[in-house]
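Participant: Next up is a structure, given as structure tokens.
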Amino acid sequence: METLIEKLKKFREIQPDAEYSQRSKLVILATPALSGKRPIFNWQLAFTLAGLLLVLISGTLFRYSKPSAPNLNAQALKTELQDLDINIQLAKIEYYQKVDETVSLALKEISENHTGNLNLAIPAESENNKSKEEIKDLLDQLLL
Amino acid sequence: MKEEEELIKKAKKRDREAFGILYDQYSPAIYRFILLKTGNKASTEDMTHQVFLSAWQSIENYQSRGFPFSSWLYRIAHNTVIDYYRTEKKHFNLETIEEAAVSSNLEEKIDQELELNLIKSAIKELSTEQQTVLIMKFVEDLTNKEIAAVLGKNEGAIKVAQHRSLKNIKKIINGNLNRKIKEV
């Protein structure tokens with residue numbers, strides 16, 4: 001076994017042709033790098049982009065995925081929403097009609113009643129002014 | 001080692017001279033490694049060139065991680081040879097291998113060459129992994145740790161592979177010798 005190992009060691013004397021080596025070396029050194037200077041791998045950028053991609057994918061999936069509740073029907077919901085809108089509009093119209101009726105009734109009542117009594121405070125006020133003048137006259141007489 | 005680190009640092013900045021020094025230092029070992037696996041001079045030259053070209057083009061990605069630069073080169077060489085056999089499926093006659101003369105004595109030289117050719121052909125009959133382990137351990141004197149790094153295995157597995165490769169090569173050599181004797 002040792003003899004074999006010794007013989008194997010003799011293979012170390014094998015050398016390539018000097019001319020070949022020189023030629024090969026010159027050709028190699030004249031060859032440019034594969035793609036210039038390779039960009040340094042940026043882990044932070046990679047993770048950010050991966051996260052962004054994940055958000056985009058999950059967003060797209062969420063948008064186009066069907067509702068998980070089996071009883072939910074998009075068409076039925078849409079119809080229901082449209083009906084709801086009509087109902088709201090009808091309620092508004094009904095309210096405005098009632099207001100119009102009340103206002104017109106009030107106006108009719110006012111026009112039919114005596115307008116002189118519209119402000120009951122005016123005669124009371126004039127009566128009050130009269131008594132004040134009487135008091136003033138009495139005071140003047142006393143002072144004179 | 002520090003000197004080598006400095007050379008690598010410079011080579012990473014596309015310093016041709018620094019990479020040239022690394023080439024001169026490691027190309028003979030890589031050449032031997034490939035030649036002993038393929039057994040063909042022309043293919044070995046092509047593949048050695050390819051290994052160092054790949055190394056020069058991607059040296060910016062090299063990270064030491066506690067292993068010598070040679071481990072990285074051997075890993076490229078190992079993969080290059082695997083790719084070569086996978087795509088080309090070529091087999092060459094080992095008798096065509098040329099090597100430096102070991103002895104000045106002609107008779108001794110012939111004996112040695114015959115012996116070495118016998119071993120070379122036996123190496124070729126081993127599995128790719130056993131070839132790599134045998135060459136790295138017994139020809140290039142690499143440590144088990146370095147071999148493990150090249151093959152991506154643990155040191156225990158390398159020890160087992162060493163034992164098996166020696167056992168198998170001995171068996172192959174004996175078989176080939178007996179066959180040649182019978183032929184004669």
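The values are calculated or read from the model by the stated rules, or taken from the named source; none is laboratory data. Values in this document were obtained by computation on a predicted structure and should not be read as measured data. Positions of Cβ are generated from backbone atoms using ideal geometry, with glycine treated the same way; all protein chains shown enter the neighbour counts.
Participant: Would you mind telling me which numbered condition in (1) surrounded by 12 or more Cβ atoms within 10 Å (Cβ to Cβ); (2) farther than 20 Å from residue B:64 by Cβ residue B:182 fails?
Facilitator: Among (1) surrounded by 12 or more Cβ atoms within 10 Å (Cβ to Cβ); (2) farther than 20 Å from residue B:64 by Cβ, residue B:182 violates only (1).
Participant: If you scan the range B:1-31, which residues turn out to be hydroxyl-bearing (Ser, Thr, Tyr) and more than 9 Å from every other protein chain (Cβ to nearest Cβ)?
Facilitator: Correct list: B:26 only.
Participant: Please work out which residue is farthest from residue A:28 (Cα to Cα), limiting yourself to the range B:52-77 and to residues that are among the aliphatic types (A, V, I, L, M) and more than 12 Å from the chain's Cα centre (by Cα).
Facilitator: Among residues in the range B:52-77 that are among the aliphatic types (A, V, I, L, M) and more than 12 Å from the chain's Cα centre (by Cα), the one farthest from residue A:28 (Cα to Cα) is B:59.
So that you can scan it fast, the table gives a plain yes or no per residue for (1) modelled with pLDDT under 90; (2) surrounded by 10 or more Cβ atoms within 10 Å (Cβ to Cβ):
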{"site": "A:5", "(1), (2)": "yes, yes"}
{"site": "A:22", "(1), (2)": "no, yes"}
{"site": "A:25", "(1), (2)": "no, yes"}
{"site": "A:42", "(1), (2)": "yes, yes"}
{"site": "A:47", "(1), (2)": "yes, yes"}
{"site": "A:57", "(1), (2)": "yes, yes"}
{"site": "A:64", "(1), (2)": "yes, no"}
{"site": "A:68", "(1), (2)": "yes, no"}
{"site": "A:72", "(1), (2)": "yes, yes"}
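Participant: The conditions are (1) more than 23 Å from residue A:3 (Cβ to Cβ); (2) surrounded by 13 or more Cβ atoms within 10 Å (Cβ to Cβ); (3) modelled with pLDDT of 90 or more, and residue B:24 fails exactly one of them. Which is it?
Facilitator: Against the list (1) more than 23 Å from residue A:3 (Cβ to Cβ); (2) surrounded by 13 or more Cβ atoms within 10 Å (Cβ to Cβ); (3) modelled with pLDDT of 90 or more, residue B:24 comes up short only on (2).
Participant: Kindly provide the set of residues from the range B:32-87 that are away from chain A (no Cβ under 13 Å), of a type in the set (A, V, I, L, M, F, W, C) and over 26 Å from residue B:6 (Cα atoms), ordered by number.
Facilitator: Listed by number, the residues that qualify are B:81, B:82.
Participant: Has the range B:153-162 got at least one residue that is within 19 Å of residue B:38 (Cβ to Cβ) and either away from chain A (no Cβ under 14 Å) or charged (D, E, K, R) (or both)?
Facilitator: no
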